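**Q** Please read through the structure below; I'll follow up with questions.
Just so it is clear, none of the values below were taken in a lab; they were calculated from the coordinates. Predicted, not measured: the structure shown is a model, and the values here were computed from it. We place every Cβ from the backbone using ideal geometry, glycine too, and count neighbours over all the protein chains shown.
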Amino acid sequence: MKCDQCDKPAVVHETVITAGVQTTVHLCAEHAMVQMHHVPASAPIAELLAAHLTGQRHQPACGGCGMTLAEFRKHNLAGCSACFDALAPVIDQAIQRAQGGATAHCGRAPARRDDAEARQAYRARLLRDLEQAVAAERYEVAAQVRNALRDVDAIAERPA
Amino acid sequence: MKPIENGGPWLGPLGRDADVVVASRVRLARNLAGFPFTNRASTTQRREVVSMVRDRAQAASWGRMLGWVDLQACPAEQRTQMVERHLVSKQFAASDAPRAVGISADETLSVMVNEEDHLRIQAMYSGLRIDECFAAATAFDRGAESALDFAWHHRWGYLTACPTNVGCGIRVSVMLHLPALRLTSELDRVRRAAKDLHLALRGFHGEGSEPMGDFYQLSNQITLGMRDEDVVGELRDRIIPQVIRYERLARETYRSKAPAAARDRFIRAAALLTHSRLMQLDEAMKLLGRLRLGIASGLTEAIDSTLVHRLLLQVQPAHLALARPNDPMETLEQQSAARATLLRDALAPLRASIG
């Protein structure tokens, strides 16, 4: 099969579902690389695919410290606080795997934390992720995000 | 660093369950908000983290008890000595980046800055004293958070570089002496049971170390979804008592099945330790382990376990070299000779008693 954009053989075949409409894209390695640059950050599976297929292992994934998914997977270490949002859901899975399936912190918190604001920002991000996952019919991801939302709300309701 | 004779958490009172338990430790992992974690921080940022933590600790009642050691300015032998004394980790001693450790005068509290996480707060006591460790580590943590902003996430709790520490960042470790479980081949069962309970059974120096002299560290692996006090409570009330029971049962079995062999093992260990002219580290650890079992079984009253604990540290290479600055230590043989001399001298009362 040929690439959608040129005559070279296609090496990437991706099925994309946007708002319920399914399309299949066939791309050569070169065009795949170009295309994947435009994949929004909220499509981590496509991002992963891009990293694997095109060798773009050094493309920064975390805005805070530049940690890429490939680097995180290699060392299993986060580089900064921002990684925990930037590398989701890969980092979520790594944490849950390491923690016997536990999905959220429970117990004490630092006295000096900017609670409400940070929680609202995190909640807003999760809601956005949920919307996008549902729109793309990625129900497994959607379920995970819903669990995260539930955990965050549970933490908010707990007395300090 | 002062010589081990002056104290150290290992040499405190033995307390209850000292026949099996050597020491307890609680470690909390914390990071500063606004800085990349150690693995991504620049040299300048690492320096900033060190001075920030040290300056704030020195200025406040919660941290004033710590004396600070700059690892970059510390000779290799002293760094190794701190590893041998369980005050810092091996990786921390070996790295060449800016890092420091604050140690309390009695060595029960140590705070590594720029280990895998910005802060590794560690409290250690002899015997089964998890609660005291937890209280000491938590007191420092509470104080520190009044002066420093810790990295925190609304879902994951305290953020740490490694996913294995995220949440409450606590690691409770109890150092156990389990010679009978190993002798009766029950240790693998304990190891499997521990794994099922999300616990790790490791060697003498913790992560990645080999068991020496039948000393093991048992520690929790889960830090997320459990309150730190529940992690502590589970090990203290449920798990450690069970392991202690198993080990005692195995000792009983071994003694009743082969009383002469049990006594012979002890006498042989004592004879070798009190007469050898050369003694390598692994052999010394093994024999000291047998001595400790003999003491716990009532086979001698000439010495007590505190002496064995002290020797377990003193026979380590850096302790040996630093305690005998005038002895030649270039070769393994010279080191073994110095170790043998140390053991013969320290165990003279035992030699007299075994005749």
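**Q** By the scheme Lys and Arg +1, Asp and Glu -1, what is the net charge of all other residues having a beta-carbon under 11 Å from that of B:D19?
**A** Numbers: positive: B:R16, B:R248, B:R251, B:R292; negative: B:D17, B:E247.
Here the charged neighbours net out to +2.
**Q** If you split all Cα-Cα distances of segment B:1-125 into 10 Å bins from zero, what percentages do you get per bin, shortest first?
**A** For segment B:1-125, the binned pair fractions read 13, 44, 32, 10, 2 percent.
**Q** Local charge sum around B:A94 (other residues, Cβ-Cβ under 12 Å, Lys/Arg +1, Asp/Glu -1)? Walk me through the intermediate numbers first.
**A** Details: positive: B:R79, B:K90, B:R99; negative: B:D96, B:E115.
Summing Lys and Arg as +1 and Asp and Glu as -1 gives +1.
**Q** To one decimal place, what orientation-averaged projected area in nm² is obtained for the convex hull of the Cα set of the protein assembly as shown? Don't skip to the answer; put the middle values down first.
**A** Numbers: hull surface 114.4 nm².
The number I arrive at for the protein assembly as shown is 28.6 nm².
**Q** For the pair A:K74 and A:T24, what calculated FRET efficiency results from E = 1/(1 + (r/R0)^6), where r is the Cβ-Cβ distance and R0 = 25 Å, to the nearest 0.05? Before the final figure, lay out each step's value.
**A** Working: r = 31 Å, r/R0 = 1.26.
With a Förster radius of 25 Å, E is 0.20.
**Q** Could you tell me the largest-minus-smallest coordinate of the C-alpha atoms of segment B:76-232 on each of the three principal axes, in descending order and whole angstroms?
**A** In descending order, the Cα extents are 51, 41, 27 Å.
**Q** Another one. From the helices alone, meaning DSSP H stretches of at least four residues, give me the mean residue ellipticity at 222 nm for chain B, per-run term -39500 (n - 2.57), in deg cm²/dmol to the nearest 500. Write out the running numbers ahead of the final one.
**A** On the way: 14 runs with 160 residues, N = 355.
Result for chain B: -14000 deg cm²/dmol, rounded to the nearest 500.
**Q** Excluding B:A73 itself, what net charge comes from residues whose Cβ is under 14 Å from its Cβ, given Lys and Arg +1 and Asp and Glu -1?
**A** Values: positive: B:R47, B:R54, B:R79, B:R99; negative: B:D70, B:E77, B:D96.
Counting the neighbours of B:A73, the net charge comes to +1.
**Q** Relative to the compact-globule scaling 2.2 N^0.38 Å, provide the ratio for the alpha-carbon radius of gyration of segment B:96-149. Kindly include the intermediate steps, with their values, before the conclusion.
**A** On the way: Rg = 11.9 Å, N = 54, 2.2 N^0.38 = 10.0 Å.
Cα-based Rg divided by the globular estimate yields 1.19.
**Q** List the residues, sorted by chain then number, that are 5 or more residues from B:M212 or on another chain and whose placed amide H is less than 5 Å from its amide H.
**A** HN-HN under 5 Å from B:M212: B:F204.
**Q** Using a Förster distance of 25 Å, how high is the FRET efficiency between A:E137 and B:R227, based on the Cβ-Cβ distance and rounded to 0.05? Before the final figure, lay out each step's value.
**A** On the way: r = 38 Å, r/R0 = 1.52.
Plugging the Cβ-Cβ distance into 1/(1 + (r/R0)^6) gives 0.10.
**Q** Taking chain B as a Gaussian network, Cα atoms linked when under 10 Å apart, which of B:M124, B:M65, B:M285 shows the biggest mean-square fluctuation?
**A** Ranking B:M124, B:M65, B:M285 by mean-square fluctuation puts B:M65 first.
**Q** Can you give the charge dipole size of segment B:85-198 about its Cα centre, rounded to the nearest 20 debye, using +1 on the beta carbon of Lys and Arg and -1 on the beta carbon of Asp and Glu? Could you put the intermediate results ahead of the total?
**A** On the way: 13 positive and 14 negative charges, 94 e Å.
Rounded to the nearest 20 debye, it is 460 debye.
**Q** Could you compute the FRET efficiency for B:D345 and B:W68, with r as their C-beta to C-beta distance and R0 at 25 Å, rounded to 0.05?
**A** Plugging the Cβ-Cβ distance into 1/(1 + (r/R0)^6) gives 0.15.
**Q** Rounded to the nearest 20 Debye, what is the dipole magnitude of segment B:33-106 about its Cα centre when Lys and Arg each give +1 and Asp and Glu each give -1 at the C-beta?
**A** Values: 10 positive and 7 negative charges, 41 e Å.
Once rounded to the nearest 20, the dipole reads 200 debye.
**Q** Using only the Cα atoms, work out Rg/Rh for segment B:132-210, with Rh taken as the Kirkwood radius, to two decimals.
**A** Details: Rg = 16.8 Å, Rh = 15.4 Å.
Ratio of gyration radius to Kirkwood radius: 1.09.
**Q** From the convex hull of the Cα coordinates of chain B, what is the mean projected area in square nanometres? Can you show the working numbers first?
**A** Numbers: hull surface 71.1 nm².
Taking a quarter of the hull surface, the average projection is 17.8 nm².
**Q** Find how much the distance from B:A135 to B:D149 grows on full extension, using 0.36 nm per residue of separation minus their present alpha carbon separation; answer in nm with one decimal.
**A** Numbers: separation 14, 0.36 × 14 = 5.04 nm, distance 2.08 nm.
Here the answer is 3.0 nm.
**Q** Apply the membrane-span-like helix rule to chain B: whole DSSP H runs, Cα extent along the own long axis of at least 15 Å, mean Kyte-Doolittle hydropathy at least -0.5. List the helices found. Don't skip to the answer; put the middle values down first.
**A** Working: long enough: B:43-58 (22 Å, -1.12); B:130-147 (26 Å, 0.17); B:240-257 (25 Å, -1.07); B:259-275 (24 Å, 0.19); B:281-296 (22 Å, 0.52); B:332-346 (21 Å, -0.39).
Helix filter hits for chain B: B:130-147, B:259-275, B:281-296, B:332-346.
**Q** For chain B, compute the number of Lys pairs whose alpha carbons are separated by less than 25 Å, excluding pairs fewer than 8 positions apart on the same chain. Kindly include the intermediate steps, with their values, before the conclusion.
**A** Details: B:K2/B:K90; B:K90/B:K195; B:K90/B:K286; B:K257/B:K286.
Pairs that pass both the separation and distance tests number 4.
**Q** A further question on this structure: To the nearest 20 Debye, how big is the dipole of segment B:165-263 about its Cα centre, given +1 on the beta carbon of each Lys and Arg and -1 on that of each Asp and Glu?
**A** On the way: 16 positive and 13 negative charges, 93 e Å.
Using only the charged Cβ atoms, the result is roughly 440 debye.
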